[in-house]
Structures are given as C-alpha cells and as structure tokens.
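Remarks on the structure that follows.
The values are calculated or read from the model by the stated rules, or taken from the named source; none is laboratory data. Remember, it's a predicted structure, so these values are computed and weren't measured experimentally. All Cβ positions, even for glycine, are placed from backbone atoms using ideal geometry, and neighbour counts span all protein chains on display. With ligands, DNA and RNA removed, areas are computed over all heavy atoms of the protein, side chains included. Shrake-Rupley method; radii C 1.70, N 1.55, O 1.52, S 1.80 Å.
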Amino acid sequence: QVRLVESGGGVVQPGKSLRLSCAASGFSFHNYGMHWVRQSPGKGLEWLAVIWHDGSKEFYAESVKGRFTVSRDNSKKTLNLQMNNLRVDDTGVYYCARGMGAGYHLQVYNWGRGAAVNVSS
Amino acid sequence: QSVLTQPPSVSAAPGQRVTISCSGGTSNIGDNFVSWYQQLPGTAPQVVIYDDDKRPPGVRDRFSASKSGTSATLDITGLQTGDEAEYFCGTWDTSLSVWLFGGGTKVTVL
C-alpha cells in the first residue's frame, strides 16, 4: 500500500535552514505529483508546494515562495523540502502528500504522518 | 481568510445527518475537482471524497458529496461518535496555480 514517511523535522532557530525528506513506497513514485502541506498548532491545513511527477513544474504558496524549494529524486523515490530563512510562524507539522497522477491530476490523496518543525530561539 | 469558505462547526445527534458546505469561485471549485478530508484528533488527514463525489476504497457510503457551480457539499448520514473530526475541502485554483484548502469544519456528535 502507499506509504509516505517524513523525516528531518526538529527544533531550529529563526533565520536558519532545515531540509525535510519524504520516503515513498508502495506506488510508482515517478508517475505522481507530490505536495507539501503544513498545519500550525491548532490551525487548519496550509498547502505549501507541489512538484510535477517528472519535476518539470513547481508551484508554491505565497507564504513560502522564495524561501522554500521542493525537489524530488525519482530514482530514490524521495521528495524533499528545503526551508531557508525560517520564521517562528513556520512552526507546525509538515505533511508529505501524493497527488492523483501526473500533470494536473493534482488532488491531494495520500498523506504521510507528518514531521514536526519548531522554529524557536 | 481562506478562499474556500466552510462553516467553523456543525453538530447533530448520533444517527442524524450533517451537511458541510464549501464555497469558492469560478477559478477553483467551478473549474476543478473537489476533494474532502477527514482529520481525526491527533492524526494526519485522510481523503474521504475525491473527484467531487467519489469515495476511496474503505470509506463508508454514509459519506457522500456533490458540487454545483462554485459550491460543494459533504454529507454525513447516520452520524457516529467516530465521525467527530475536522473536515476540510480542497481544490486547485487555475488562476492562482495553487492548491486551496477550506478553513475546516469541526463536526461534533451531541
């Protein structure tokens, strides 16, 4: 079955960087667009970024554009999120999620369990 | 303030029905499929509806959804205590090139 496992979370100071990874298994990773979604404590879901199945397109939420970069390695079935210049309001649980297919088949479908990021001085 | 508008909360007694609305616009709900997600306390979200009205394997037929124009609706019938959760709608916005989530609706079983 589809499995998505996030790693790389932790405590980081404001202004620093952190890289999250998501290991995918149970499906043909190279055939699916992938998303990052976060949830701040006690808040709703905030979509962050999507990357096309082949890495040819990336789209970002305004709140992270220019600071976060999504990437993927289809040979390793891994999704990454490089987060730079972190702010206190970037604190939350970060979810890796699979879309429904290639290209614009973007509906967020399967979710990982999430990785906690705490930006604090 | 979310582009997709959901009521903050709905409630009903066990066995009753609740309806959750999700209101958007022509570039999002009006132009793309809508999904619905259930988030039980302390867990990751999971999809309960995709492609406007389709249920993934394992999701009970007590969950149903529809879409009309720029609004979508999730219905939960035969409400059970295990349905207490936050529910989010989601869709792509063609003009903004972003995925949107509604603000979420907390379902309480009285």
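Where is the GNM fluctuation largest for chain B (alpha-carbon springs, 10 angstrom cutoff): B:S27, B:S97, B:S66?
Answer for the Gaussian network model of chain B: B:S97.
Apply the Karplus parameterisation 6.51 cos²θ - 1.76 cosθ + 1.60, with θ equal to phi minus 60°, to every residue of the range A:11-22 and state each ³J(HN,Hα) to the nearest whole Hz, in sequence, with x for glycine and proline.
9, 9, 7, x, x, 8, 10, 8, 10, 9, 10, 9
How big is the B-A contact in terms of buried accessible area, both chains counted, 1.4 Å probe, rounded to the nearest 100 Å²?
1600
Would you kindly find the accessible area of A:H105, with a 1.4 Å probe and non-protein molecules such as ligands, DNA and RNA excluded, rounding to the nearest 10 Å²?
120
Decide, for chain B, between rounded, prolate and oblate: order the square roots of the alpha carbon gyration tensor eigenvalues as a ≥ b ≥ c, take rounded if a/c falls under 1.5, and otherwise choose prolate if a/b is larger than b/c, else oblate.
Prolate shape, in that a/c is at least 1.5 and a/b is the bigger ratio.
B:D51: accessible area at probe 1.4 Å, nearest 10 Å²?
Roll a 1.4 Å probe over it and B:D51 shows about 30 Å².
Where in the range B:7-23 does the amide nitrogen come within less than 12 Å of the point 7 Å from the Cα of B:E84, taken along Cα to Cβ?
Taking a point 7 Å out along Cα→Cβ of B:E84, the residues of the range B:7-23 whose backbone N falls under 12 Å are B:12, B:14.
GNM on chain A, C-alpha springs below 10 Å: top fluctuator among A:Y109, A:Y95, A:Y60?
A:Y109
Report the relative contact order of chain B, percent, no decimals, based on alpha-carbon pairs under 8 angstrom and at least 6 residues apart.
Details: 282 pairs, mean separation 42.1, N = 110.
RCO, chain B: 38 percent.
For chain B, what is the percent of antiparallel DSSP beta bridges, rounded to the nearest 5?
DSSP beta bridges in chain B are roughly 90 percent antiparallel.
Please report, largest first and rounded to whole Å, the three semi-axes of the ellipsoid equivalent to chain A, where each semi-axis is the square root of five times an eigenvalue of the C-alpha gyration tensor.
That gives 23, 14, 13 Å for the three semi-axes.
With only Lys, Arg, Asp and Glu charged, each at its Cβ (+1 for the first two, -1 for the last two), find how big the charge dipole of the protein assembly as shown is about the Cα centre; round to the nearest 20 debye. Each step should come with its number before you reach the end.
Values: 21 positive and 18 negative charges, 113 e Å.
Computed about the Cα centre, the dipole is about 540 debye.
Tabulate in residue order the Karplus-calculated ³J(HN,Hα) for the range B:60-65, using 6.51 cos²θ - 1.76 cosθ + 1.60 with θ = phi - 60°, rounded to whole Hz; enter x for Gly and Pro.
Per-residue couplings from phi come out as 5, 6, 5, 9, 9, 8 Hz.
Could you give the length gained on full extension between A:N31 and A:V2, defined as 0.36 nm per residue of separation minus the Cα-Cα distance, in nm?
On the way: separation 29, 0.36 × 29 = 10.44 nm, distance 1.31 nm.
Working it through step by step, the gained length comes to 9.1 nm.
Based on alpha-carbon centroids, what's the gap between the range A:45-121 and the range B:54-110 in Å, whole number please?
The range A:45-121 and the range B:54-110 have Cα centres separated by 22 Å.
Let me check against my output: what whole-number percent is the relative contact order of the range B:20-59, with C-alpha pairs under 8 Å and at least 6 apart?
Averaging sequence separation for qualifying contacts and normalising by length gives 28 percent for the range B:20-59.
Dipole of chain B, Cα-centred, from +1 at each Lys and Arg C-beta and -1 at each Asp and Glu C-beta, to the nearest 20 debye?
180
What is the percent carbon and sulfur in the accessible area of chain B, measuring with a 1.4 Å probe over the protein chains and ignoring ligands?
47
Would you tell me the accessible area of A:R38, worked out with a 1.4 angstrom probe on the heavy atoms of the protein chains, in Å² to the nearest 10?
It works out to around 10 Å².
Spelling out what I want: for every residue of the range A:69-81, take phi, set θ = phi - 60°, compute 6.51 cos²θ - 1.76 cosθ + 1.60 (Karplus), and round to whole Hz; glycine and proline get x.
Each residue's phi maps through the Karplus curve to give 9, 9, 8, 8, 10, 5, 5, 9, 6, 10, 10, 10, 9 Hz.
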